[in-house]
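Enquirer: If you scroll down you'll find the structure; I have some questions about it.
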C-alpha cells in the first residue's frame, strides 16, 4: 500500500464541522443494515416531483438505484458513456431519460452539463455512481491515470458545472466511494501514477478522492443548503469487475472455477448494494448532516489499525487533504464553482 505523503494519524478527528454543530463519524442507529434494500429504505418516501441524476445509472448498482428512485416517483436522468446500452437496459422504466456522457472526457462533461442547464431544471439528488475498477494502466485526456480521471476528476467537473442547477434545489450529492479507499491514501508525489502503476492502489487512491471530494464540497456548500456524503455500497458482483481476469477473481474467492459466485465476504445483491446510496440521497435521518462517509445504511465508524473490512480511514476524511485535492482538481479541470472559497 502506497501512503506517500498521506495523513495516517489514527487519533485525528474525523468529525466534520457543520452548520449548527458537528456530524460525527459514528453510527447513528438507523434501523437499517447490510441486508436492507433500496426499496426498503425508500418505504414511505414519496419522490414525486423530484429530479435525480445518476451517473452509471444503467448498469449494476446504478441500474438498481435508478429503478428504485423512479419507482418512488422521481424523474431520473441517466447520463451514459454508452447511451444505446442505457436505453436498452432502462426500457420499461417510467420517468427515466438518458443522455451521453463520458466522464473520462472533460469536453463530454461540459457538453452534457450545457445541455442539462439549457433545460432550466433544478436537481434534487446527484448520485455519482459510475466508475471503473482495477483496469490495466490506461491514460485519458492529457495523460491522466484513467481511474483517478474517471472516478474523481470527471465527477468533480460534472458537479461543478451543474452547480447552477444543484444549488437552487438544496440538493444532496452522493459520492460513491468504496472500502477500497483503505488500500491507498492520496499519492501526492505521483497522483497520476507515472513512475509505477498498481491497479488496486490506483483504484484505492481514486476512491479516497471520492471521499475527500465529499468532505470539502460539504464544507463549501452546506451554508447554501446542499449536503454531501460519500459511501461504501458493499461488495457486489457487477460489471464493475470486467477488468479483473477470472483466475484473479477465483484466487480472491469471489467465484469458483466454473464462474459461480461464492460468498466468503458476504457479497450483497444489487438491491442491497444500492440501498446505502439511495438512503444517503433521500433519508430524513440525515437531515442537517453531511461531510461523512457511510456504509450499510448508516454513518461508518473510523477504521481501526489493520482492518480493511469496514470503516473509514483518517486520510480520507482529513479536511486539509480534502482542500488540497479540491485545489488540484480545480487546476486540472479548469472548473470551480467556488473560486473564492476552494
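Read-outs throughout are calculated quantities, based only on the coordinates presented, and are distinct from any laboratory measurement. Everything numeric in this text was worked out from a predicted model, so none of it was measured. We place every Cβ from the backbone using ideal geometry, glycine too, and count neighbours over all the protein chains shown.
Enquirer: To make sure I understand, if each residue's beta carbon is the centre and we count other beta carbons within 10 Å, what order do 37, 276 fall in, fewest to most?
Expert: 37, 276
Enquirer: Also: With the Cα gyration tensor of region 17-167 giving a ≥ b ≥ c as the square roots of its eigenvalues, does the rule (a/c under 1.5 for rounded; else a/b larger than b/c for prolate; else oblate) give rounded, prolate or oblate?
Expert: In terms of gyration-tensor shape, rounded.
Enquirer: Could I ask something else about it? When a/c reaches 1.5 or more, the comparison of a/b and b/c decides; with that in mind, is region 105-150 rounded, prolate or oblate per its Cα gyration tensor?
Expert: Verdict is oblate for region 105-150.
Enquirer: Roughly speaking, what % of Cα-Cα pairs in region 287-342 are separated by over 17 Å, rounded to a whole number?
Expert: 53 percent
Enquirer: What value does region 16-75 have for Rg/Rh, both radii from Cα atoms and Rh as Kirkwood defines it?
Expert: 1.06
Enquirer: Tell me, 93, 47 in order of fewest to most beta-carbon neighbours within 10 Å?
Expert: Least crowded to most crowded, the residues run 93, 47.
Enquirer: Rank these for me by crowding, 87, 43, going from fewest to most other beta carbons within 10 Å.
Expert: 43, 87
Enquirer: Would you report the distance distribution of C-alpha pairs in region 101-225 as whole percents per 5 angstrom bin, up to the bin with the largest distance?
Expert: 2, 11, 21, 22, 19, 13, 8, 4, 1
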